[in-house]
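Report on one structure; see the data block that follows.
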Amino acid sequence: MGKSERTFYLLLKALKIKKPLASLSRIPGLKAISRQFLGPENADITFIPVNERLEVPPGVTAPISIIERFIDAAGFHVIAHHCMCRKTLGCKDHNIDFGCIFMGDAARDIHPSVARPVSKKEALEHLHMAAEQGLVSSIGKFRLDAFALGLKDHDRLMSICHCCPCCCLYGMVPYAAREFQNMVVPLDGIRIEVTDECRGCGTCAGVCIFKQATLVDGQCVIGADCKRCGRCAMSCPNNAIRVIVEDPGCIDRCVERLRSRVDLTLPYAPGGRLNAASMESVKGECSHEATTGSRDVDRAREKG
């Protein structure tokens, strides 16, 4: 069983100094330690733009389908009772009780004082409520989550966070060593465009946690390291920023990349033994991917 809520939030007090802590990763002697949590195999996150004005080619699913597909594939889901970042930092602008989704077999060990089990339907409803509340969702593997939750099997835990601009943990990214700034991987087929409607109000700069929206000569300029979360477009009072899906293939590429980081297909019971019920679940989930699914199930039988 993972850490209780009390212990969990004691650890999260470090969020209050997230920027200085991230800066420590620039010190040569601390980089090796940082890689254990922030290196590409341990931290691989993508933000999903959900702006209602998102421009998607006809017949192409919106990027939020990336998260929907993983929710559908996972055999176990929980929703945290609170947002760890907003509760720790005392958020005044967004709902503290709107928590993250954690998925995968490792999530079974999350302490009940921290999160509650939910169905796939509930997880999907929670995801769509995030956008309605002006939050931007991210998905991926983040070993620090597993560490804070007291979970050993970080390779079987996927995190879906619903981030606000004032409290998000990933606001540490611009202050980390350059190699660790890449732990947030942008959707490579998305383009952010500032139009002539920009009035230079600066709202975009105020909400960009990655410091990539700045004002130059009274106009918004998007930086080269933009993570394409779309928060700037969501917040722009003049609708002057466009989020355009130029390459629909980016959705499948993102799914494949994250699938290589987190194993959601082979749920195990406590002690490492494969549940009989879980085996049937795996068979069903993999039926549409017969070749890959068969190999996974065979490997599971060998382990059992």
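The set of residues from segment 80-90 being in contact (Cβ under 8 Å) with a residue 40 or more places away in the chain and surrounded by fewer than 19 Cβ atoms within 10 Å (Cβ to Cβ) comprises just one member, His81.
Of all the criteria given as (1) touching a His at 6+ places or on another chain (Cβ under 8 Å); (2) modelled with pLDDT under 95; (3) not in a helix (DSSP H, G or I), the one not satisfied by Ser137 is (2). Can Ile67 be described as without any contact (Cβ under 8 Å) to a residue 40 or more places away in the chain and touching a helix residue (DSSP H, G or I) at 6+ places or on another chain (Cβ under 7 Å)? Criteria not met by Ile67. Against the test of being assigned by TED's automatic domain parsing to the domain that holds Arg86, crowded, with 16+ Cβ neighbours inside 10 Å and under 18 Å from Arg86 (Cα atoms), the options Ala130, Ala123 yield a single qualifying residue, Ala130.
This table checks each residue for (1) out of contact with any Ser or Thr (no Cβ under 7 Å at 6 or more places or on another chain); (2) within 24 Å of Val262 (Cβ to Cβ); (3) assigned to a helix (DSSP H, G or I).
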| site | (1), (2), (3) |
| --- | --- |
| Cys161 | no, yes, no |
| Gly171 | yes, yes, yes |
| Cys198 | yes, no, no |
| Cys204 | no, no, yes |
| Ile209 | yes, yes, no |
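Does Leu157 meet the test of being of a type in the set (A, V, I, L, M, F, W, C), surrounded by 23 or more Cβ atoms within 10 Å (Cβ to Cβ), within 27 Å of Asp109 (Cα to Cα) and at pLDDT 95 or above? Against the criterion (of a type in the set (A, V, I, L, M, F, W, C), surrounded by 23 or more Cβ atoms within 10 Å (Cβ to Cβ), within 27 Å of Asp109 (Cα to Cα) and at pLDDT 95 or above), Leu157 qualifies. The residues of segment 91-141 that are of a type in the set (Phe, Trp, Tyr) and in contact (Cβ under 8 Å) with a residue 60 or more places away in the chain amount to a single one, Phe98.
The values are calculated or read from the model by the stated rules, or taken from the named source; none is laboratory data. As the structure is a computational prediction, the values presented were derived from the model and not from experiment. With ideal geometry, Cβ positions are generated from the backbone for all residues, glycine too; neighbour counts draw on all protein chains shown.
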